[in-house]
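Report on the following structure.
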Amino acid sequence: MTGAVHRVPAKVVVLAGPSGSGKSRVANRLGLPMLRLDDFYREADEPGLPRTDFAASGSASVDWDDPASWDAAAACEAIERLCEVGVADVPIYDIARSARTGCHRVDLDASPVFVAEGLFAAEIVGETRRRGLLAEAICVRHNRLVTFFLRFVRDVRERRKPPVVLLRRGWRLFRAEPRLVTRMVRLGCKPMTPRRTERHLRRLLAGTPHSTRQRRPA
């Protein structure tokens, strides 16, 4: 990934964290414009995707918990465009179908800060910092038993995958969570509970002046 380092009119708060840790809830409670980084997942028929064997059938399937199943370069380009212009057209991704189903426009509406949240958000912390786009990077985390329960309830409610696949994936993520959090911290995120994350970001936002600069045409 490449990009010139330069001054930009908006900054991004990157919210990483294990699946089900509460990233989306924190982002929604803050009331900021939000970029859903999970919409940058690659499609299931794309060649070269990482594979795993925990599918219900026992056969290999795409490993959607591997960062290689996600398009980091496209996510960074969308973030940079939002910071520079204030609007960006981004994909809509259907996790149950493992496919992009359309696109939509994210509009900052002159906000000087926006949130980018997703499972692989930590993977772009270094690049967004290098480009001068980053306001803050946080790894949202619970006790992992709480995360296991919240993730399973959410995934069943949203019918993301068959329940047996969700249980097997959930158990694998439960065991891997300490390692995942360690990696996210190593990539530049501060580990915080959802409640502490919200308090921290509200203090950060209280010190951010409202942007009065004019956007360049999209």
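If the label point is 7 Å along Cα→Cβ of HIS200, which residues in the stretch 16-37 have backbone nitrogen under 17 Å from it?
16-19, 21-30
Determine, for each peptide in 117-124, 195-202, the mean count of other beta carbons within 10 angstrom over its residues, then list the peptides with the highest first.
117-124, 195-202
Looking at the stretch 87-139, which trypsin sites (Lys or Arg not before Pro) are in a loop (DSSP not H, G, I, E or B) and have at most 12 other Cβ atoms within 10 Å?
When the trypsin sites (Lys or Arg not before Pro) of the stretch 87-139 are filtered for loop state and at most 12 Cβ neighbours within 10 Å, ARG97 remain.
Please state the relative contact order of the chain as a whole percent: Cα pairs under 8 Å, 6+ residues apart?
33
For percent of Cα pairs over 24 Å apart, the choices are (i) 49; (ii) 42; (iii) 37; which was calculated from the structure?
Step by step, percent of Cα pairs over 24 Å apart for this structure corresponds to label (ii).
By its C-alpha gyration tensor, with a ≥ b ≥ c as the square roots of the eigenvalues, how is the stretch 154-198 shaped: rounded for a/c under 1.5, else prolate for a/b larger than b/c, else oblate?
Details: a/c = 3.28, a/b = 1.72, b/c = 1.90.
The shape class here is oblate.
Excluding GLU46 itself, calculate the net charge of residues whose Cβ lies under 12 Å from the Cβ of GLU46, where each Lys or Arg counts +1 and each Asp or Glu counts -1.
-1
Determine the sum of side-chain charges near LYS161: Lys and Arg each +1, Asp and Glu each -1, restricted to other residues whose C-beta is under 11 angstrom from that of LYS161. Walk me through the numbers before you get to the answer.
Working: positive: ARG97, ARG159, ARG160, ARG168, ARG169; negative: ASP155, GLU158.
Neighbourhood net charge equals +3.
To the nearest 20 Debye, how big is the dipole of the stretch 63-104 about its Cα centre, given +1 on the beta carbon of each Lys and Arg and -1 on that of each Asp and Glu?
200
Based on the Cβ-Cβ distance from ALA44 to VAL153, what FRET efficiency comes out when R0 is 25 Å, to the nearest 0.05?
Calculated value: 0.55.
Going by a 4.7 Å Cβ-Cβ cut-off, which cysteines of the chain have no partner at all?
CYS76, CYS83, CYS103 - these cysteines have no disulfide-compatible partner (Cβ-Cβ under 4.7 Å) in the chain.
Compare the Cα positions of SER61, ALA72, ALA96 along the charge dipole of the stretch 57-114 (+1 at Cβ of Lys, Arg; -1 at Cβ of Asp, Glu; about the Cα centre) and return the one farthest towards the positive end.
Of the candidates, ALA96 comes out farthest on the positive side.
Measuring from label point to label point, each 7 Å out along Cα→Cβ, what is the ALA73 to ARG183 span in nm?
2.1
For the chain, what does -39500 (n - 2.57) per DSSP helix run (n ≥ 4), summed and divided by total residues, give at 222 nm, in deg cm²/dmol to the nearest 500?
Details: 6 runs with 79 residues, N = 218.
It comes out at -11500 deg cm²/dmol, rounded to the nearest 500.
Express in nm, to one decimal, how much length is gained between HIS104 and ASN28 on full extension, taking 0.36 nm for each residue of separation and deducting their alpha carbon distance.
25.6 nm
Read the figures in this text as sums done on the coordinates, not as results from a lab. Quick caveat, the model's predicted, so the values are computed rather than measured. Cβ: placed from backbone, ideal geometry, glycine included. Neighbour counts: every protein chain shown.
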